[in-house]
1. GLN177 is checked against (1) under 19 Å from PRO5 (Cα atoms); (2) touching a His at 6+ places or on another chain (Cβ under 8 Å) and fails just one. What number does that condition carry?
2. For region 1-54, give me each residue that is farther than 21 Å from TRP119 by Cβ, exposed (fewer than 13 other Cβ atoms within 10 Å of the Cβ) and either touching a Phe, Trp or Tyr at 6+ places or on another chain (Cβ under 8 Å) or of a type in the set (Asp, Glu) (or both).
3. Name every residue in region 1-60 that is among the aromatic types (Phe, Trp, Tyr) and outside any strand (DSSP E or B), in order of residue number.
4. Within region 100-116, does at least one residue satisfy the condition of being surrounded by 14 or more Cβ atoms within 10 Å (Cβ to Cβ), outside any loop (DSSP other than H, G, I, E, B), among the polar types (S, T, N, Q) and touching a Leu at 6+ places or on another chain (Cβ under 8 Å)?
5. Which condition number in (1) charged (D, E, K, R); (2) without any contact (Cβ under 8 Å) to a residue 40 or more places away in the chain; (3) closer than 16 Å to LEU145 by Cβ is the one that GLU62 fails?
6. Looking at region 140-155, which of its residues are within 16 Å of the chain's Cα centre (by Cα) and more than 20 Å from ILE108 (Cβ to Cβ)?
7. Taking the condition of being of a type in the set (A, V, I, L, M, F, W, C) and in contact with a helix residue (DSSP H, G or I) (Cβ under 9 Å, 6 or more places away or on another chain), how many residues in region 114-163 meet it?
Amino acid sequence: MGSPPLWQVVSTAGPYAVRFGLMRRFGPLASARFDPHPPPPGEHPTERALCAATDLATALAERFQHNREIRGTAPDAPGVYAWTPTRPLRLADLRDTGALRLGASHTINTGPRTITRMWARAIRGAWPDADGVAYASSMSGRTCLALWAPAADSFPAAPDFAKLLNDRAPGWQLRVQSAAVEIGYAHFP
């Protein structure tokens with residue numbers, strides 16, 4: 001897989017605020033499909049996770065999937081990062097027939113998260129140098145990545161792009177609105 005820009009929508013305020021390139025040590029989260037952290041949920045110093053998409057619309061679809069409303073003025077001050085990895089990523093590909101080759105099926109992309117987290121732990125154990133997995137978003141069907149601890153050295157010093165979701169820079173709200181229309185979500189800048 002090449003290295004297209006990756007997109008991530010994060011909280012920039014509140015207890016779960018995220019800086020660029022910060023990978024989550026706490027897990028597994030009930031909402032995360034491919035967390036490699038062993039149960040029970042807690043801090044795991046050797047495990048990390050970060051989810052990203054290969055396009056803005058999918059990143060927004062994933063982040064705002066519960067109410068399908070993109071709200072730039074939410075209390076957690078949503079922000080968007082885009083970056084290009086500094087090296088090719090080593091990913092287990094779960095899209096298309098990739099899941100079949102691993103002994104799973106395409107439902108790994110949409111099935112119960114308790115099962116997909118077991119797969120993540122198995123893949124991590126069998127391929128410890130893997131940077132993570134490429135999978136099909138359960139929302140858009142497009143490519144998402146679950147990046148793991150080995151990917152930590154693939155982040156540039158700064159993102160190529162960083163904006164708050166409610167930023168009024170010329171063209172930014174039009175871009176977010178266009179993505180909202182594309183995925184059928186309401187948009188409240």
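1. Exception for GLN177: condition (1).
2. GLU43
3. Step one: list which residues in region 1-60 are among the aromatic types (Phe, Trp, Tyr), which gives 7, 16, 20, 26, 34.
Scanning region 1-60 gives TYR16, PHE20, PHE34.
4. If we filter region 100-116 for residues that are surrounded by 14 or more Cβ atoms within 10 Å (Cβ to Cβ), which is where we start, we get 102, 104, 106, 108-111, 113, 116.
Remaining after also requiring outside any loop (DSSP other than H, G, I, E, B): 106, 108-109, 113, 116.
Pick out the ones that are also among the polar types (S, T, N, Q) and you get 109, 116.
Restricting the remaining residues to those that are touching a Leu at 6+ places or on another chain (Cβ under 8 Å) gives 109.
Checking region 100-116: at least one residue is surrounded by 14 or more Cβ atoms within 10 Å (Cβ to Cβ), outside any loop (DSSP other than H, G, I, E, B), among the polar types (S, T, N, Q) and touching a Leu at 6+ places or on another chain (Cβ under 8 Å).
5. Every listed condition holds for GLU62 apart from (2).
6. Taking region 140-155 first, the residues within 16 Å of the chain's Cα centre (by Cα) are 140-152, 154-155.
Correct list: ALA149, PRO150, ALA152, SER154, PHE155.
7. Going residue by residue through region 114-163, those that are of a type in the set (A, V, I, L, M, F, W, C) are 115, 118-120, 122-123, 126-127, 130, 133-134, 136, 139, 144-149, 151-152, 155, 157-158, 161-162.
Filter again for in contact with a helix residue (DSSP H, G or I) (Cβ under 9 Å, 6 or more places away or on another chain), leaving 115, 119, 130, 133-134, 136, 139, 144-149.
Going through region 114-163 one residue at a time, the tally reaches 13.
Residue-by-condition table, conditions (1) surrounded by 16 or more Cβ atoms within 10 Å (Cβ to Cβ); (2) assigned to a helix (DSSP H, G or I); (3) more than 14 Å from the chain's Cα centre (by Cα); (4) among the basic types (Lys, Arg):
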{"position": "SER138", "(1), (2), (3), (4)": "yes, no, no, no"}
{"position": "ALA157", "(1), (2), (3), (4)": "no, no, yes, no"}
{"position": "PRO170", "(1), (2), (3), (4)": "no, no, yes, no"}
{"position": "HIS187", "(1), (2), (3), (4)": "yes, no, yes, no"}
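Every number in this text was worked out from the coordinates using simple rules, so none of it is lab data. Please read these numbers as outputs of a predicted model, since none were measured by experiment. Every residue, glycine among them, receives a Cβ derived from its backbone with ideal geometry; neighbour counts consider all protein chains shown.
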